[in-house]
């Protein structure tokens, strides 16, 4: 099987050999009968392995082009397991437009543990190169980034990271493996909040780590088992169900987002639109080269200040005022006071008048009309 949608539907979801069920069973079990002392048939305990989770990990690893995939109870749980491969004194370079939760985890949890963090503008090649030190172990990148939709050259950053003996970690949440395959471009690790586009229906929390590095995968899987931040079987089932329609949903997210971005670009109240599909986006050419489409996220700033931006966020009716993203329904939020509040006062602090949209799969005319009336209030 080679096509993305075919693999999304079938890998890990082969019909049951006994009864022929076309979907994997949801194995609600905490333990497994053993044929003898220390001789389990599948696993000793469901924290260590679960057939429903194994099906999800097999499917998502295949879609990312990875030999190994490890599922977690949340995106941050996956990031935590990966970062626990570091030691006190190690150094991580983080893009200066990263998710606030990642920044909080690095600074307030791992920072207190002794991991050092630098934030860098990833478009500045000299700044990135000069940020590496003897103990730099990871370059952590979001592309497209959250919330400014910056796009950076994965292959170039992989080359720089490897020249300095560091791993390149790509948060592929916004793009998904349908639009972008970081491992094929030289990245060492891919992380996801599967809560977002993978699940796609705002009804499950999850995370995922994918890699072709056998040793690193073993350490991450050990952390999954030893720390226990595993997704439940129903969570895994919902994620498997969501991923089967990922391709068709992303097509609609992308087409709707293009229309919304064009509308906002022409609106008198809007100062700047952040969307990689726009020709004047600074990362447009890179996005064309390394992505198959431009995603469903759009951010914009208003010519007025934060009070007007807040009012716009509170005036929509189809766009729901809420955090998170990637569901079938459209969402609107004010990052400076919501998702990125923990980044206040840092290099990662977003503009106060920035509005972020997760463009859903509704009828696009309804989305444009909703934004038009909100911007006119």
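Show the residue pairs meeting these rules: Cβ distance below 6 Å; 6+ apart or different chains; first residue within segment 106-132 and touching a residue at least 40 places away in the same chain (Cβ under 8 Å) and in the same structural domain as residue 153 (by TED's automatic domain parsing); second residue part of a strand (DSSP E or B) and crowded, with 18+ Cβ neighbours inside 10 Å.
Cβ pairs passing all conditions: 119/94.
Among the residues of segment 161-181 satisfying the criterion of being without any contact (Cβ under 8 Å) to a residue 60 or more places away in the chain and touching a helix residue (DSSP H, G or I) at 6+ places or on another chain (Cβ under 6 Å), which is surrounded by the fewest Cβ atoms within 10 Å (Cβ to Cβ)?
168
Would you check if there is a residue in segment 350-371 being over 18 Å from the mean Cα position of the chain (by Cα), without any contact (Cβ under 8 Å) to a residue 40 or more places away in the chain, surrounded by fewer than 20 Cβ atoms within 10 Å (Cβ to Cβ) and closer than 30 Å to residue 107 by Cα?
no
Among the residues of segment 47-61, write down those that are in contact with a helix residue (DSSP H, G or I) (Cβ under 8 Å, 6 or more places away or on another chain) and crowded, with 20+ Cβ neighbours inside 10 Å.
Passing the criteria: 50, 52, 53, 55, 56, 59, 60.
Would you mind finding the one in 203, 235 that is in the same structural domain as residue 27 (by TED's automatic domain parsing), farther than 12 Å from residue 68 by Cα and in a loop (DSSP other than H, G, I, E, B)?
203
Report whether or not residue 73 is within 17 Å of the chain's Cα centre (by Cα), in the same structural domain as residue 43 (by TED's automatic domain parsing), surrounded by fewer than 24 Cβ atoms within 10 Å (Cβ to Cβ) and within 18 Å of residue 220 (Cα to Cα).
The answer is yes for residue 73.
Can you go through 269, 226 and tell me which one is over 22 Å from the mean Cα position of the chain (by Cα), surrounded by fewer than 18 Cβ atoms within 10 Å (Cβ to Cβ) and assigned by TED's automatic domain parsing to the domain that holds residue 181?
Unique residue meeting the criteria: 226.
Collect the residues in segment 25-64 that are free of Cβ contacts under 8 Å to residues at least 12 places away in the same chain and either in a loop (DSSP other than H, G, I, E, B) or closer than 16 Å to residue 207 by Cα (or both), keeping them in residue-number order.
33, 37, 38, 41, 42, 43, 49
Please enumerate the residues belonging to segment 325-342 that are in a loop (DSSP other than H, G, I, E, B) and modelled with pLDDT under 95.
Matches in segment 325-342: 338, 339, 340.
Might you check whether a residue that is more than 22 Å from residue 95 (Cα to Cα), in the same structural domain as residue 254 (by TED's automatic domain parsing) and surrounded by 22 or more Cβ atoms within 10 Å (Cβ to Cβ) occurs anywhere in segment 275-282?
The answer is no; no qualifying residue exists.
Given the criterion at pLDDT 95 or above and assigned to a loop (DSSP other than H, G, I, E, B), identify the matching residue among 349, 362.
Going through 349, 362 in turn, just one is at pLDDT 95 or above and assigned to a loop (DSSP other than H, G, I, E, B): 362.
Report the residue count in segment 283-306 for those that are on the phi < 0 side of the Ramachandran plot and either outside any helix (DSSP H, G or I) or at pLDDT below 95 (or both).
Adding up the residues that qualify gives 16.
The values are calculated or read from the model by the stated rules, or taken from the named source; none is laboratory data. Since this is a predicted model, take the numbers as computed values, not measurements. Positions of Cβ are backbone-derived with ideal geometry, glycine not excepted, and every protein chain shown enters the neighbour counts.
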